[in-house]
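**Student:** Quick one: this structure, given as structure tokens, is what I'll be asking you about.
The values are calculated or read from the model by the stated rules, or taken from the named source; none is laboratory data. This structure is a prediction, so every number in the text was calculated from the model and none was measured. Note: ideal-geometry Cβ built from the backbone for every residue, glycine included; neighbour counts use all protein chains shown. In case anyone asks, the SASA skips ligands and DNA or RNA and just uses the protein heavy atoms, side chains included. Shrake-Rupley method; radii C 1.70, N 1.55, O 1.52, S 1.80 Å.
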Amino acid sequence: MNYNLKKYFNAINVFFLLLISILTAINFFLDLSSTYIYFFCFLLIATIGVSHGAYDGKKGEILFNNKLKNWKFIFYFTYIALVILVFVFWYLNPLISLIIFLFVSSLHFGKEDLEIYLDKKYKYHLFIFFLKGSLIILLPLFFNFEQTNIIFNTILFSKDYVLLSNNYTKFILILNLLIQVLFYLYIYLKKKLTRDDFIAIIFEIFLIIMVFYLFAPIVAFTLYFCFMHSLKNILLISNELNPILFKGFQIFVKQSLFLTLITFFILFICLIFLTKLNLLENSIEKIIFIGLASLTLPHIILHYFSEKY
């Protein structure tokens, strides 16, 4: 991974710090309705959040255009079928679906957050990826246990299920952070990690802790997903398209805009439909998390094949 790209990633972390500082000040002076906040979170995830996944259409073309006849039909049919499969499975068994989604998402978030710094294969790299990504699950439970548990129950179509007790959450979170810091310190002392990269990783963990400490779970997740996870993916794709960042970003927008708009339209239609049956906040929670779970499976599978081939 080139040095300039690392600088851009670090700049995103600084931007993220400024963003949460400004939003904290706004939140202090303004008492915004939860309905407005939830709807704004929906808009961010349905546009910025899904945009890097909307580039999957171009990835599919690069992978299969010269290998399969009627590649568009095969690719999009398979992609949509996987999305629908997750929806159906979630409806039939929401608890198993949620556990799988949390596990896979933890690996996915951790891998894409860390692989720019850990560019060598370590024996326990998947475990470290999982620990890093699982902070997105553990921190809202630690800082806002009841509110997070209500969200879990909403997407589980339940009322009184406790996925992980408060005491277990605290123990697992402390152990998680301790193992991570010791691992990064160990590979730094072994000179397999530069000082700047070590500082960048610790700083990013600090930012993730702060955002979940300062904001409600849905807001904190939206900020992380859109302005850390997705923004870094967009930057990475843009750099691959053209080393001149602005030109690469222009190409990315052109190649992902159509599917981004289609995804936004579908999610918005789902929101209108669900609000007839649920409160707006509950509808948005279901769309964000069940919707992302459905999109995550084909996205990760395609990401795996694009890296491998």
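**Student:** When each pair of different Cα atoms in region 1-115 is counted once in the 1/r mean, what is the Kirkwood radius in angstroms, to one decimal?
**Tutor:** 18.2
**Student:** Something else: What helices does the chain have that are whole DSSP H segments, at least 24 Å long along their own axis by Cα, and with mean Kyte-Doolittle hydropathy of 1.6 or more?
**Tutor:** Helix filter hits for the chain: 71-92, 125-143, 195-214, 245-274.
**Student:** Here is a further query. Dividing the convex hull volume of the Cα atoms of the chain by its residue count, what figure in Å³ per residue is obtained?
**Tutor:** 142
**Student:** In cubic angstrom, how much convex hull volume per residue do the alpha carbon atoms of region 41-92 span?
**Tutor:** Value for region 41-92: 82 Å³ per residue.
**Student:** Of Y161, V181, N233, which is farthest on the positive side of the dipole of region 151-267, counting Cα position, with +1 on Lys and Arg Cβ, -1 on Asp and Glu Cβ, and the Cα centre as origin?
**Tutor:** V181
**Student:** Separate question: Using a 1.4 Å probe on the protein chains only, how many percent of the accessible area of region 25-130 belongs to carbon and sulfur?
**Tutor:** Roughly 73 percent of what the probe reaches on region 25-130 is carbon or sulfur.
**Student:** So if the hydrodynamic radius of region 135-253 is defined as the Kirkwood radius over C-alpha pairs, what does Stokes-Einstein give as its diffusion coefficient at 25 °C and 0.890 mPa s, in µm² per second?
**Tutor:** Approximately 147 µm²/s, per Stokes-Einstein.
**Student:** Another question, then. Where does the chain land at 222 nm, in deg cm²/dmol rounded to the nearest 500, when only DSSP H runs of n ≥ 4 count, each adding -39500 (n - 2.57), divided by all residues?
**Tutor:** After summing the helix terms and dividing by the residues of the chain, the value is -27000 deg cm²/dmol.
**Student:** For C41, what is the net charge nearby, where nearby means another residue's Cβ is under 11 Å from its Cβ and Lys, Arg count +1, Asp, Glu -1?
**Tutor:** -2
**Student:** Still on this structure, please answer the following. Please tell me which of these pairs span more than 30 angstrom C-alpha to C-alpha: K59/K132; K58/K232; K111/K276?
**Tutor:** Listed pairs above 30 Å: K111/K276.
**Student:** Filter the trypsin sites (Lys or Arg not before Pro) in region 223-307 to those in DSSP coil with at most 13 other Cβ atoms within 10 Å of their Cβ, and list the result.
**Tutor:** K276
**Student:** Can you work out the accessible area per residue across region 150-214, with the rest of the protein chains kept in place, probe 1.4 Å, in square angstrom?
**Tutor:** For region 150-214, the solvent-accessible area averages 61 Å² per residue.
**Student:** At 1.4 Å probe size, put L44, L68 in order of accessible surface, largest to smallest.
**Tutor:** L68, L44
**Student:** Once you order the gyration tensor axes a ≥ b ≥ c over the Cα atoms, which shape class does region 1-40 get: rounded for a/c under 1.5, otherwise prolate or oblate by comparing a/b with b/c?
**Tutor:** It is oblate, given that a/c is not under 1.5 and a/b is not larger than b/c.
**Student:** Enumerate by residue number the trypsin sites (Lys or Arg not before Pro) in region 184-218 meeting two conditions: DSSP loop (anything except H, G, I, E, B), and at most 10 other Cβ atoms within 10 Å of the site's Cβ.
**Tutor:** When the trypsin sites (Lys or Arg not before Pro) of region 184-218 are filtered for loop state and at most 10 Cβ neighbours within 10 Å, K190, K191 remain.
**Student:** Project the alpha carbons of region 207-309 onto their principal axes and report the range along each, largest first, in whole Å.
**Tutor:** 46, 33, 27
**Student:** Mind checking the dipole of region 167-266: about its Cα centre, +1 per Lys or Arg Cβ, -1 per Asp or Glu Cβ, Debye to the nearest 20?
**Tutor:** That gives region 167-266 a dipole magnitude of about 200 debye.
**Student:** Check cross-link reach from K7 to the aspartates and glutamates: straight Cα distance under 18 Å, and skip same-chain residues fewer than eight apart.
**Tutor:** E112, D113, E115, D119, D196, D197, E204, E240
**Student:** In addition: Pairs to check: K192/K308; K170/K191; K170/K308. Give those whose C-alpha atoms are more than 27 Å from each other in this structure.
**Tutor:** Pairs exceeding the cut-off: K170/K191; K170/K308.
**Student:** Build a GNM of the chain with springs between Cα atoms under 10 Å: which of F212, F198, F227 gets the top mean-square fluctuation?
**Tutor:** The residue that fluctuates most here is F198.
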